[in-house]
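Written out below as structure tokens is the structure these notes cover.
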Amino acid sequence: MTHSPALPDQLRFGRFELRPEQRLLLLDGVPLTVGARAFDLLLVLVAERERVVSLEELLARVWPGLVVEENNLRQHVSSLRKLLGAQALTTVPGRGYRFTLPLEEGLGKASSPSASTLTSYRGLPANKPTLIGREDDLSAVLELLAGTHLLTLVGAGGVGKTRLALEVADRAGAGFADGVCFVELAPVTDPSLLVRTVAGALDVHEEATRPLLDTLLDVLRRRHLLLILDNCEHLIEGCAAFAEQVLHHSHGTRMLATSREALGVAGEVAWRLPSLRTAPPDALDSVDGFLGFPASRLFVERARAVAPDFRLTPANLGAAARVCHQLDGIPLALELAAARVGAMTVEQLAERLDDRFALLTRGRRTSLLRHQTLRSLIDWSHDLLAEPERVLLRRLSQFAGGWTLDAAETVCSAAPIVRGQVLDLLAQLVEKSLVVLDAPGDDPGAGPRYRLLETIRQYGLEKLLVADELEDTRGRHLAYCGELAERIRPMLTRTEQLHWHARAEAELDNFRLALQWSLRSGQAEQGLRLFSSLTRFWYKNMHWKEMVGWQERLADAFCREGRAPSIHYARSFYGAGMLATNFDPPLGRRLCEQCAEVSRPLEFDEGMAWSLMWMGYVDTRRRDASTQQLFEDSLAYGRRIEDPWRQGFLLAQALICYAGYEALMGRDESAEAMVAECEAQIARIGNDKLYIGHGRALLGTIAIRRGQFERAHELLVDSLAMYRAVESNFDIAGSLAQQGFLALRRKDPAQALALFRQSLPMHRNYPTSPGVTRGLAQLLVAYAACGQPKVAARLAGVLGVDAAPAELSGAVKQAYEEALIKVQRALAPAEFVRELEAGRSMDREAAVSYALVAGV
């Protein structure tokens, strides 16, 4: 290809990312297959996007020195349109083509953008303090990382392992096609949650029929990713086993771990991170000489952040050198000491350190380790606190993953602290660098969150145990989490529901800790209450298997405690039933049956209404008349519920499920009336757009059946907007698929193919079998309709040719079967068999990648 104007290393337009130097085009971070000439054509059009490029110029630049017919160019333009969307390239009759997709602001200029704007960075904090004194370590680690798949930064607590790992992520991230994923393991107290935590950070969820680890390894096997596991020491065995599995399964994933000890895995390279070099306290002759040592520079910069007027002078130079030297150059220790400069002189600071370390190391001078030095400093810093500050610090240590001011005031308020003191005490702990204050994120309604560095948190937990306060503090924590869950529950159906979903996600580690404590402390009913309050959150954020497991353990514990069945006990079964339906419908129905058995003698109308409604939902596809009675009985019980919100939510859910059954049975007018009544109920409890979207989608289906295609299109577009507003990915995928089938009915297979291609990736990070299977089947139907029988035949090899997959039903199943017949007629028998075999050799991930780019 001939010369084009300089392009940045990376450009974004919509969900696409173009990397000219690497000759890569990615969709949602996944590389796409693009032919060499098509890629050259795209580069020219993007480079010249400010003008129309003539046919002659394109032929000359993409095929220099060759005689090529215009038809070849048009074929490549068509391929790019299928890949990027018809709107990407505009044809100007008689003149040529122009690239018309908008580039993200700042990415389309000739100057190269920063890697941090273009590479996917999951879990990394937005703001990091300046890295000081680690230049040599950073260079060595970057060089080692290029030659190994597992590199562990090893060092004492507080030595700066995490900060160096973050810098490595910034420097090396651009070299990984799928970016960087930073996984903070410090809040994870249960080793069994290690895999789930990593999967959550990567947005990977469980499949119905296989362990989460297998799904996660399949995803990593196809990624070119830097995976950072931070704070591995308390999960060392689990981290070692996980790292070994990743090394075995994924050649494209590189792991960077931080730990106080190496993982001990074959192939691991360990880089021991020492303390920062310190100046000799008795051999200094100038300020410049002192600042030539990295520990000195760190101390001075952090001190000036606390006290901007702090200056080094010949008078205090010796004291500053003694502080850095006696703290052994440990970064966290230096930062904690520097935080005191605003309250005392450096000379006073040095005197305090002298006294404290003489006391702590007497008789053991030769065995002073960095970890002991850090503990000594924390002891010293802790001893400088007023008693109320010490009490608050140790009580804060039992939070997992951070806390809000309200949480601290509620959980930590007990003698000798009263609620009104907590804010001031917390502010003092922030000022003294013992508590970290995190700035609010993108949600304008979210308040600040606080957290402890893990070293401080572990120290505080020890103090909490020594003070014999763990049981009381955890009890208040459990009660607070239960009350917070109750507060969140009704908000998850209102206009501001995204804020409350984000709040629940931020508290997930605390909720897990509370559930765990409810089991250990004989308070299973409190755990069941918390579980049931957040059913909508567990459902939307796909914590299905995990939470069904929690409900089972809590219900068993409840029975072992000898308690009589209660409303919270009954309510937990229908919540678990709804969750289980997504991966094991028979289990979901059994749990609902159990809910009805418990609810009936309690005369618990809500439990009866929900269990009967969900059994009807599970039974809908059977087209059995008895299903109608389940819905009727559910509505009758539901109308007796006294709580207005709980009644409205139940009636809305039951009506939309019942309407789906009625539509399936061909009773369209009845279904439409139920949708209208559902919307009325939703208006009572907060105008939940999710259920309004469900109603519009169902009405769109009815309109398609009646041949009212324009009305159907309007309704489906409306439903998609509702789903996008509440970020319900499964429903977004379903709405796009519905619009795809409408396009087929309107004889527009190209549009159907484009819509199905948008739908399937929504399931990619939520790889439950039904969603992915249906998505592949929909694309098979579209490829067959677009005259691409080879692609359709290969997908048939993935899905099955003798019978439609079990996940398909109704019109989708019929369309699939008709498409297979069409494909078999279009191909010679040997060709059909060859494509089938090629499909049978693909795993699910490869099939999804192929389906999204085939024929382009």
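Observations on the structure shown:
- Acute angle (nearest 10 degrees) that the helix 625-638 long axis makes with the longest principal axis of the chain, alpha-carbon atoms: 40 degrees
- Among the cysteines of the chain, those whose beta-carbon sits 4.7 Å or more from every other cysteine beta-carbon are CYS181, CYS324, CYS412, CYS481, CYS559, CYS592, CYS595, CYS657, CYS678, CYS786.
- Each other residue within a Cβ distance under 12 Å of LEU24 adds +1 if Lys or Arg and -1 if Asp or Glu, for a net charge of -2.
- Contact order relative to length of the range 190-289, as percent, for alpha carbon pairs under 8 angstrom and 6 or more apart: 25 percent
- With the whole protein complex present, VAL781 retains an accessible surface near 20 Å², based on a 1.4 Å probe.
- Sorted peptide list for 160-167, 206-213, criterion being average Cβ within 10 angstrom, highest first: 160-167, 206-213
- Once the Cα atoms are used to define both axes, helix 294-306 deviates from the longest principal axis of the chain by about 80 degrees.
- Close amide H partners of THR152, meaning residues 5 or more places away or on another chain with modelled amide H under 5 Å apart, are ALA257, VAL269, ALA270, TRP271.
- Which of VAL198, TRP500, GLN758, positive extreme of dipole for the chain (C-beta unit charges): GLN758
- Rounded to the nearest 10 degrees, the inclination of helix 789-799 to the longest alpha-carbon principal axis of the chain is 60 degrees.
- Computed with a 1.4 Å probe on the full set of protein chains, the accessible area for TRP271 sits at about 70 Å².
- Cα lying deepest toward the dipole's positive end in the chain, options GLY522, GLY616, ALA169, charges on Cβ: GLY616
- Euclidean distance of C-alpha centroids, the range 571-615 and the range 386-402, integer Å: 41 Å
- Pairs from the list LYS463/LYS545; LYS747/LYS790; LYS82/LYS813; LYS432/LYS463; LYS540/LYS747; LYS540/LYS822 with a Cα-Cα gap above 28 Å: LYS463/LYS545; LYS540/LYS747; LYS540/LYS822.
- Distance between the range 292-311 and the range 743-800 - C-alpha centres, whole angstrom: 60 Å
- Within the range 607-699, the GluC sites (Glu not before Pro) that combine a DSSP coil assignment with at most 15 other C-beta atoms in a 10 angstrom radius are GLU642.
- By DSSP, the beta bridges lying fully in the chain are antiparallel in about 50 percent of cases.
- Highest-first arrangement of 390-402, 172-184, 705-717, where packing means the average Cβ count within 10 Å: 390-402, 172-184, 705-717
- This model, with +1 at the C-beta of Lys and Arg and -1 at the C-beta of Asp and Glu, gives the chain a dipole about its Cα centre of some 1320 debye.
- The relative contact order of the chain comes to 7 percent, based on Cα pairs under 8 Å that sit 6 or more residues apart.
- Normalised by the number of residues in the range 624-684, the mean separation of alpha-carbon contacts (under 8 Å, six or more apart) gives a relative contact order of 32 percent.
- Label-to-label distance, nm, for residues given as ALA673 and ARG844 (7 Å Cα→Cβ offset): 4.2 nm
- When Rg and Dmax of the Cα atoms in Å is computed from the coordinates, the matching label among [x] 30.9, 95; [y] 29.9, 112; [z] 28.7, 93 is [x].
- Value of [θ]222 nm, deg cm²/dmol, for the chain, DSSP H segments ≥ 4, -39500 (n - 2.57) each, nearest 500: -18500 deg cm²/dmol
- For the pair LEU142 and GLU70, the difference between a 0.36 nm per residue extended length and the Cα-Cα distance amounts to 21.1 nm.
- Length gained on full extension, THR495 to VAL833: 116.4 nm, using 0.36 nm per residue less the C-alpha separation.
- The accessible-area ordering, largest first, of the residues TYR661, TYR637, TYR450, TYR617 stands as TYR617, TYR637, TYR450, TYR661, per a 1.4 angstrom probe.
- Listed residues VAL435, VAL798 arranged by accessible area, highest first, probe 1.4 Å: VAL798, VAL435
- Listed residue (LEU799, TRP538, PHE604) projecting farthest to the positive dipole end of the chain, Cβ model: LEU799
- The largest accessible area among THR148, THR701 belongs to the first residue in THR701, THR148, and the rest follow in falling order (1.4 Å probe, all chains).
- Rolling a 1.4 Å probe across all protein chains gives THR495 an accessible area of roughly 110 Å².
- In this rough spin-label picture, where each label sits 7 Å from Cα along the Cβ direction, the ARG639-ARG95 distance is 6.6 nm.
- Charge tally around GLY160: other residues with Cβ under 10 Å, Lys/Arg +1 each, Asp/Glu -1 each, net 0.
- Subtracting the Cα-Cα distance of GLU471 and ARG171 from their residue separation scaled by 0.36 nm leaves 103.5 nm.
The values are calculated or read from the model by the stated rules, or taken from the named source; none is laboratory data. What you see is a predicted model; the values in this text were computed from it and never measured. So basically every Cβ, Gly included, is an ideal-geometry build from the backbone, and we count neighbours across all protein chains shown. When the accessible area is computed, the model is the full protein with side chains, heavy atoms only, and any ligands, DNA or RNA have been set aside. Shrake-Rupley method; radii C 1.70, N 1.55, O 1.52, S 1.80 Å.
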